[in-house]
Amino acid sequence: MRDDIMEAICEYLLTIPGGRVVTYKQVAEYLGNPGMARVVGNYLHRNPDPERYPCFKVVNSKGKLSSQFGFGGIDAQKARLEADGVEVSDDYYVDLDKYRYKGV
């Protein structure tokens, strides 16, 4: 794993305010390569400090949570998002029109 990519991803995660989510593609765009969304997912699965770097705030392009969330599974991601103020549907979707962070 390239440390510079992981560092950039972690820095980006810190910019996401409470009650907001981003997509894997948004993170990839921040890195300068929108086609790297799957690579971003692989890096997030190896988050060095999930308590500090809120990877739970990253969802897919349709607002779906990760069935492979590496830090407790999809229900843990849902619980963290809800505790952060994001509504998650029973089928694990977030309303991107309402909760997507459009900054940075």
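Results, tabulated for the structure shown:
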item: Pairs, first under 18 Å from Leu14 (Cβ atoms) in region 84-104, second modelled with pLDDT under 95 and not in a helix (DSSP H, G or I), C-beta under 8 Å, six or more apart; result: none
item: Qualifying positions in region 42-53 - under 17 Å from Arg80 (Cβ atoms) and under 12 Å from the mean Cα position of the chain (by Cα); result: Leu44, His45, Asn47, Pro50, Tyr53
item: Region 37-57 residues that are within 12 Å of Phe69 (Cα to Cα), paired with ones that are among the small types (Gly, Ala, Ser) and assigned to a loop (DSSP other than H, G, I, E, B) (beta carbon under 7 Å, 6 or more apart); result: His45/Gly70
item: Test: residue in region 24-41 that is in contact with a Leu (Cβ under 6 Å, 6 or more places away or on another chain) and assigned to a loop (DSSP other than H, G, I, E, B); result: no
item: Test: residue in region 16-39 that is out of contact with any strand residue (DSSP E or B) (no Cβ under 9 Å at 6 or more places or on another chain), surrounded by 19 or more Cβ atoms within 10 Å (Cβ to Cβ) and under 25 Å from Glu82 (Cβ atoms); result: no
item: Single unsatisfied condition, Val21 versus (1) over 9 Å from the mean Cα position of the chain (by Cα); (2) under 16 Å from Tyr99 (Cβ atoms); result: (1)
item: Residue selected from region 61-95 under the condition among the hydrophobic types (A, V, I, L, M, F, W, C) and outside any loop (DSSP other than H, G, I, E, B), by the criterion farthest from Pro17 (Cα to Cα); result: Ile74
item: Residue list for region 42-60, restricted to those being closer than 16 Å to Tyr101 by Cβ and not in a strand (DSSP E or B); result: Leu44, Tyr53, Pro54, Cys55, Phe56, Lys57, Asn60
item: Boolean, Ser89 is of a type in the set (S, T, N, Q), modelled with pLDDT of 95 or more and over 11 Å from the mean Cα position of the chain (by Cα); result: yes
item: Region 64-104, subset touching a Phe, Trp or Tyr at 6+ places or on another chain (Cβ under 7 Å) and not hydrophobic (A, V, I, L, M, F, W, C), residue surrounded by the most Cβ atoms within 10 Å (Cβ to Cβ); result: Gln77
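The values are calculated or read from the model by the stated rules, or taken from the named source; none is laboratory data. Quick caveat, the model's predicted, so the values are computed rather than measured. So basically every Cβ, Gly included, is an ideal-geometry build from the backbone, and we count neighbours across all protein chains shown.
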